Amino acid sequence: MYALASRATRGVSLMCGIIGRVGRDDAIESLVTGLENLEYRGYDSAGVAIQNGAGIKVEKRSGKVTELKHALDYGSLDGEVGIGHTRWSTHGPPTDENAHPHTDSTRDVAVVHNGIIENYASLKESLRAAGHTFTSDTDTEVIPHLIQQYLDEGLEPEAAFRAAIEDLEGSYAVTAMLAGEHVLYAARQGSPLVVGLDEDGFFLASDVPAFLEYTDDVVYLEDGDVVVVRPDGIEFTDLAGNAIDRRPETVEWDPEQAGKGEFDHFMHKEIHEQPTSLAQALEGRLDHDAHDVTLEHFPPGTFTDIERVQFIACGTSYHAGLYGSIAMNNAGIPTTTHLANEYEVSAPPADEHTLVIAVTQSGETADTLSAMRHARDQGARVLTVTNVVGSTATRVADDVLLIRAGPEIGVAATKTFSSQAVMLLLLAQRLSQDLTGASLANLEALLADLQSFPDAVERVLETTDGRRLATQYLGCQSYFFIGRGLGFPVALEGALKFKEITYEHAEGFASGELKHGPLALVTPDTPVIAVFTGQEDTKVLNNAEEAQTRGAPLIAVCPEDHQATTIADAHLPIPDVTPELAGLLANVQLQLLSYHAAAGLERAIDKPRNLAKSVTVQ
Ligand code: M6R
């Protein structure tokens, strides 16, 4: 079975879908089918480019693939070579201009790209100086211009493509076509790209579902691979042009299931995507040499006139906000957290020295948008931490920090929570420097652990016992999640996830609160799941023991050699990391526990009853 987490998505970009076709039949139909199949990778704009007798014809539109389909003039799009793209924005809003494919000024080169070109600004500057003009806000547009530049300098097409690829820093899967050629050029570095082989030609795509209707014979490209695809053959080489051996294999996927890969539900897939989504969130944002973080648009000094921070958010995003606020308060930054729907009715004072941070993965939550507008009316500076470029929140806010998690299809927020929390830790460092003049107390350890954090999450995913424990404790009366400090929002989030998808009763508590009332509910039929982050664990353990003494089974989420394991009835292990990240590893275990409990109960996991992914009413 195809191992999605380790091969298709590990260390690569989840954003955007690429499809390319070189064959002996018209390409347009298979390109559009491919885009529809890839919409789970991004759906804010889409486009195709076809090589026909008259050169390269490009059609692209903001919106879903259906918008593009309605706009296509199939008569003018006959041709056997083409590329297509469905986008999840990272640079520039989802407009027609920012949609892929992108071309150079002469339209002799068309390119689709998935990933992030980190050095695009400097490349753009040099290309501008050489006379190139740009029409989009994207990082991708530099690629066709670079290829054109090398063609102008006299390089042959393949050499020009390789030279352009060599100039790129960051992650990419790139597919390019040149006017007048029946060839596709493609390269992979850090973003997935797979070749499909059928009797009439070849496909290139971000993922197998793109072309599964046509073929199940595939070749997975590796980082550093460059391929040149013609109707009658394909060359696999490294960047220097040396031939490499890549063997086809046959995948056993059902097309209907394909968007979920090997998983039964999008939620489970998205939980497993976290090593990748976190790597994406962190890409280019850690500066070990400078012992600092690098947040685009937020250089040191950005927040020197800020005196206090207020978080506003709902649901899972509120828990991420609480997580960020604990890190900020620990750093000496006066920070409060508010449910967005309560913010206006009990509004804390805010002025131009207040930074209001609106956390919202969708950027469309009505409660959060309303609170953002209220904060702006008070004169506060509003920053949104979101996953969706061009969302309403990005337009209401003064500042935007993108979490780059890629589309999240399951109603239950999973990978967006971990990326939100990690981004807030980075923001805590920037605010700490600007407001207090000092870095976070344990910055060195945090930077080191962040570097390997995607691997730590991978270890949790590989070793979890969540399915067995979920089965063992299925059917209990109630489930209590407890934690202290950074473990508290994780407990709240664990309970929310559990109730949301299992429909069983679950509550999250600050562990110290158990004895102030909830302990009355504790029986042998109420498992207590305790989160240990390394912050005041002895107190959490005491609180957990108080429940255990009353008969509650105790499940400890903590490192292997933790003292809690000596008394706990069951253990969900996490790697030993700084408290700031331990809570997030524990959260992955809790996501899996909820998922497997809900799967055992055969719930509608991706679309739980009565809930919607984006809540656009107040
Ligand atoms: O899009 P947002 O982050 O603003 O959504 C907020 C909540 O509706 C959301 O987090 C909700 O609680 C999740 N579906 C829970 O898994």
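Might you check whether a residue that is part of a helix (DSSP H, G or I), closer than 20 Å to Gln477 by Cβ, among the charged types (D, E, K, R) and more than 23 Å from the chain's Cα centre (by Cα) occurs anywhere in the stretch 587-603? No, because not a single residue in the stretch 587-603 is part of a helix (DSSP H, G or I), closer than 20 Å to Gln477 by Cβ, among the charged types (D, E, K, R) and more than 23 Å from the chain's Cα centre (by Cα). Can you pull out the residues in the stretch 394-430 that are away from the ligand (no atom under 11 Å from the Cβ), in contact with a strand residue (DSSP E or B) (Cβ under 6 Å, 6 or more places away or on another chain) and among the polar types (S, T, N, Q)? Of everything in the stretch 394-430, those that are away from the ligand (no atom under 11 Å from the Cβ), in contact with a strand residue (DSSP E or B) (Cβ under 6 Å, 6 or more places away or on another chain) and among the polar types (S, T, N, Q) turn out to be Thr394, Gln429.
When restricted to residues that are without any contact (Cβ under 8 Å) to a residue 60 or more places away in the chain and under 20 Å from Ser391 (Cβ atoms), the stretch 96-144 contains 8.
Can you name the residue in the stretch 353-372 that is open to solvent by 10 Å² or more (accessible area, probe 1.4 Å) and part of a loop (DSSP other than H, G, I, E, B) and, of all such residues, is farthest from His265 (Cα to Cα)? Filtering the stretch 353-372 for residues that are open to solvent by 10 Å² or more (accessible area, probe 1.4 Å) and part of a loop (DSSP other than H, G, I, E, B), the one farthest from His265 (Cα to Cα) comes out as His353. None of Ser370, Ser362, Ser391, Ser317 is in contact with a Gly (Cβ under 7 Å, 6 or more places away or on another chain), touching a residue at least 24 places away in the same chain (Cβ under 8 Å), within 15 Å of the ligand (Cβ to nearest atom) and assigned by TED's automatic domain parsing to the domain that holds Val411 except Ser391.
Only one of the numbered conditions (1) under 27 Å from the mean Cα position of the chain (by Cα); (2) in a helix (DSSP H, G or I) is not met by Glu342, and that is (1). Listed by position, the helices (runs of 4 or more DSSP H) enclosed by the stretch 436-487 that each have at least 1 residues that are within 26 Å of Thr276 (Cβ to Cβ) and hydroxyl-bearing (Ser, Thr, Tyr) are 453-463.
Just to be sure I understand the filter: pairs with C-beta atoms under 7 Å, separated by 6 or more residues or on different chains, first member in the stretch 157-171 and part of a helix (DSSP H, G or I), second member open to solvent by less than 40 Å² (accessible area, probe 1.4 Å) and aromatic (Phe, Trp, Tyr). Which pairs pass? So the pair list comes out as Glu158/Tyr185; Phe161/Tyr185. Within the group Ala331, Ala347, which residue is farther than 24 Å from Val617 by Cβ and surrounded by fewer than 21 Cβ atoms within 10 Å (Cβ to Cβ)? Exactly one of Ala331, Ala347 is farther than 24 Å from Val617 by Cβ and surrounded by fewer than 21 Cβ atoms within 10 Å (Cβ to Cβ), namely Ala331. For the stretch 334-344, enumerate the residues that are within 16 Å of the ligand (Cβ to nearest atom) and open to solvent by less than 50 Å² (accessible area, probe 1.4 Å). Hits for the stretch 334-344 are Thr337, His338, Ala340, Tyr343.
The residue that is surrounded by the fewest Cβ atoms within 10 Å (Cβ to Cβ), counting only those in the stretch 77-129 that are of a type in the set (Lys, Arg) and modelled with pLDDT of 95 or more, is Arg128. For the stretch 349-359, a tally of residues being more than 16 Å from the ligand (Cβ to nearest atom) and either of a type in the set (Phe, Trp, Tyr) or in contact with a strand residue (DSSP E or B) (Cβ under 6 Å, 6 or more places away or on another chain) (or both) returns 2. Out of Gly301, Gly324, Gly379, which single residue is of a type in the set (Gly, Ala, Ser), open to solvent by less than 40 Å² (accessible area, probe 1.4 Å) and within 16 Å of the ligand (Cβ to nearest atom)? Going through Gly301, Gly324, Gly379 in turn, just one is of a type in the set (Gly, Ala, Ser), open to solvent by less than 40 Å² (accessible area, probe 1.4 Å) and within 16 Å of the ligand (Cβ to nearest atom): Gly324.
Among the residues of the stretch 483-513, those that are more than 25 Å from Asn610 (Cβ to Cβ), of a type outside the set (D, E, K, R) and free of Cβ contacts under 8 Å to residues at least 60 places away in the same chain comprise Ala510, Ser511, Gly512.
Could you list all residues from the stretch 373-388 that are within 19 Å of Thr302 (Cβ to Cβ), outside any loop (DSSP other than H, G, I, E, B), in contact (Cβ under 8 Å) with a residue 24 or more places away in the chain and out of contact with any Gly (no Cβ under 9 Å at 6 or more places or on another chain)? Let's see the steps before the verdict.
Going through the stretch 373-388, the residues within 19 Å of Thr302 (Cβ to Cβ) turn out to be 375-376, 379-386.
From what's left, outside any loop (DSSP other than H, G, I, E, B): 375-376, 381-386.
With the extra rule that they be in contact (Cβ under 8 Å) with a residue 24 or more places away in the chain, the set shrinks to 375, 381-386.
Hits for the stretch 373-388 are Ala375, Arg381, Val382, Leu383.
In the stretch 172-197, of all residues being part of a strand (DSSP E or B) and not aliphatic (A, V, I, L, M), the one that is surrounded by the fewest Cβ atoms within 10 Å (Cβ to Cβ) corresponds to Gly190. If we scan the stretch 449-467, do we find a residue that is under 15 Å from the mean Cα position of the chain (by Cα) and within 16 Å of the ligand (Cβ to nearest atom)? No, the stretch 449-467 has no match at all. Among residues of the stretch 566-594 being touching a Lys or Arg at 6+ places or on another chain (Cβ under 8 Å) and under 23 Å from Ala313 (Cβ atoms), the one that is farthest from the ligand (Cβ to nearest atom) is Leu590.
The values are calculated or read from the model by the stated rules, or taken from the named source; none is laboratory data. This is a predicted model, so every value here is computed, not measured. As a convention, Cβ positions derive from the backbone with ideal geometry for all residues, glycine included, and neighbour counts pool all protein chains shown. Calculation scope for accessible area: heavy atoms of the full protein, side chains included, ligands and nucleic acids excluded. Shrake-Rupley method; radii C 1.70, N 1.55, O 1.52, S 1.80 Å.
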